Amino acid sequence: MKDYRYALATVALALAMQPAQAAMIAGGIDPGVGLTTFGSWMLTVVGVAIPVICAWKGTHAVAEGRHLGPYVGSAVGGMILAFGGSYILNHYGAA
């Protein structure tokens with residue numbers, strides 16, 4: 001029974017991908033638009049979400065008697081990666 005469901009899911013996925021492949025071949029997808037959206041919106045959201053998640057998890061860690069240091073380091077590193085990636089995309093003119 002499981003094999004039948006996996007085969008059906010594979011066929012459905014293949015049929016769903018055909019319009020996307022046709023658009024790629026015909027040149028209907030512009031990579032610059034994707035990079036602009038990713039650089040200007042998604043990396044900013046990620047840069048804000050990472051410290052919020054780390055603060056939440058760090059609070060739980062301190063309440064359980066563990067150290068806060070790894071969560072502070074993760075928050076700082078995540079912000080550097082997210083906002084740095086956004087800056088690099090803007091600097092090179094992709095966003």
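No value in this document is a laboratory result; all are computed from the given coordinates. On a predicted model such as this, the values are computed, not experimentally measured, just so you know. Note that each Cβ is placed from the backbone with ideal geometry, even for glycine, and that neighbours are counted across all protein chains shown.
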With 0.36 nm assigned to each residue of separation and the Cα-Cα distance removed, residue 72 to residue 90 gains 3.8 nm
What ranking, highest mean first, results for peptides 63-76, 40-53 when packing means the other Cβ atoms within 10 Å averaged over each residue? 40-53, 63-76
